[in-house]
Every structure is written in structure tokens, then in C-alpha cells.
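Bear in mind these aren't lab numbers, they're just calculated from the coordinates by the rules spelled out. All values reported here derive from a predicted model rather than from experimental measurement.
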Amino acid sequence: PWPVAIPLVGKVSSHRMTDRRFTPVVYTSMAMVAFAANSVLCRLALHDGAIDAATFSILRFVSGALMLLFVTLRVQGRVLPVGGSWTAAAILAVYALPFAYSYTQLSAGTGALILFGCVQVTMLVAALGSGERPHVMQWVGLVLALGGLVNLVFPGLTAPSPSAAILMAVAGVCWGLYSLQGRFTSNPLLQTTGNFVRVVPLIGAASLAVFPRVHVEPRGVVFAVASGALATGLGYVVWYAALRSLSAVRAAVVQLAVPLLAAGGGVLLLAEAVTVRLVLSTVLVLGGIAMAIVGGRPSRREADQSAA
């Protein structure tokens, strides 16, 4: 679907994003699949030691930036000027490096729980601070989805090292903040391209401190480039497109599907077993997300509509 969706994201205005062929549900689903694919690729690259975390991060965002510049050229007919901001790029950089480093020290289950727990807290606090008041059904859906996540990752939970846990928590907070930035973009393609172009020198400069510990294998390069060009670069564009139609609460909750989809990817690609735990987690997470999505609108929005 990428060749169809990315040109649409780059060309149409916010008033035309409601085209029935490309609803926010489609964008959100595509973004979650991309994030899950990224999780699998990161695990293949970093858990097996095929590449060090700094080099992985650099290759990931360089390849993502190059892909987005190419897509921007094809869609817009030009590359410059790009959108984005240094603030968003800095948030993205502070997410990317801690995420990669902590991934080498945490089990997949522990890392997912810390990451998405911090994402939920960050986005929910921002939602409440901006005046959103989730319906009781949304709170119940969030609890169910979180319960499904805990059930999914519980066998892999281990006592994390404090430094790795802090790094993953920082990554989760920054990803929540970066997601919140996307709710106000007018052109997801140009915004994401500009952010990626700016983040490359930031990640490169931060990674110089660990240059002597570089370790690169060919398969690690393949995983990093695939993660950057496809799952990260194009995935972030579609996520920014989806965010314009999601409240902060809904945007937070739907991301709990990522570990579930990543587990499904493990079943399909890594020959992992389908267990009763996985099936139960699927029911809880998807059921919770459905409840959060169909739950009542925030009271502030209802008040604005009634006032209008």
C-alpha cells in the first residue's frame, strides 16, 4: 500500500484526507504494521549483535531521510523547502539513541512494557492537560489493552538494569512527545522529511562518542536500512497523517497493538509458536483498543460542538 498512500499523504490537503478510500483507520493500521515491522527488524539487528546501536541508529535515519527525500521529489516535484522543525528533530534523536542502546540490554518483553507504558503516560497526561476528558469506556479500554500487553510480555519480563530501564523510559516519553507534535501538521510528508533531514546530524554527532565500539555485519546493515527506509521513514509519514484525526487518548491506546503485531510477525517470520497466551492477549488488546476508539468524545470537544 505504500506507493498509493504516500503520494496521497503528500499531495492532498487536510480537508481531503477524509476521502473514503483512505480513512484514518487505514492510515493508523498501516502505521501500526510499520512500527511492528520496525520492532522485528530492530530485534533481528540488535539482539543478535549484527550491528552496534550507534551505527544502527545512524543507518536507520540516513536511509529514512534519503527515502523521504526521494518520495518528496517524486510527489512534490522538488525537495526544498522541507518542513519539520529542530524541536521535533531533537525529540526524535533523544528517542532513537536511547531506544537502540536499551534494546541491547533489555529483554523484548521488559523493553516493550517500559516503552509503551511511558508512551501511554506521556500522551494521557498531555491529553488531560489540554482539556481532553476521556469517557469511562475509553479508560476501561485502556486498562484492558494494557492488561493484554502485560499478559503478552509477562514470560519475558526480567529485572532490568537501572540504566537500560531509564534509557527506554526516556525513549518512551520522547516518542509520546513526537507523536503529539504530529497532530498539528498540515503536510505529513514534508514535516516528516524535514524532521529526518535535521535528525541525521544530531544522531551522528551524538554517536561519535561511541565510535571506537563500532561493530557492523552485512546483515546488520540490511536490517538497519530496511528499518529506516521502510518501517521508520514511510511509517512515520503515515502515522503523522493518521494523528490528525486521532485524539491524544486514542493515539496513545492504538499503539498498544504494536507489540501484538510484532509477536504476530515473530510467528510468521521467526517460526515462533502460537500460544494460548498470545490468543488471549490478542483478544484483550484489540478489544480494549476498540472500546477506546468507539468511546465517547472528549467533553471539551463536545462543548465546542454544542457551542457552535
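Give, in nm to one decimal, the length gained when the segment between D48 and L73 is fully stretched (0.36 nm per residue of separation minus the Cα-Cα distance).
Roughly 5.4 nm would be gained on extension.
Through the Karplus equation 6.51 cos²θ - 1.76 cosθ + 1.60, θ set to phi - 60°, convert the phi angles of segment 80-85 into ³J(HN,Hα) values in whole Hz; use x for Gly and Pro.
9, x, 8, x, x, 8
How much length is gained on full extension from S85 to R213, taking 0.36 nm per residue of separation minus their Cα-Cα distance?
43.0 nm
Could you work out the relative contact order of segment 113-259? I mean the mean sequence separation of Cα pairs under 8 Å and 6+ apart, divided by the number of residues, in percent. Can you show the working numbers first?
Values: 84 pairs, mean separation 69.9, N = 147.
Relative contact order, segment 113-259: 48 percent.
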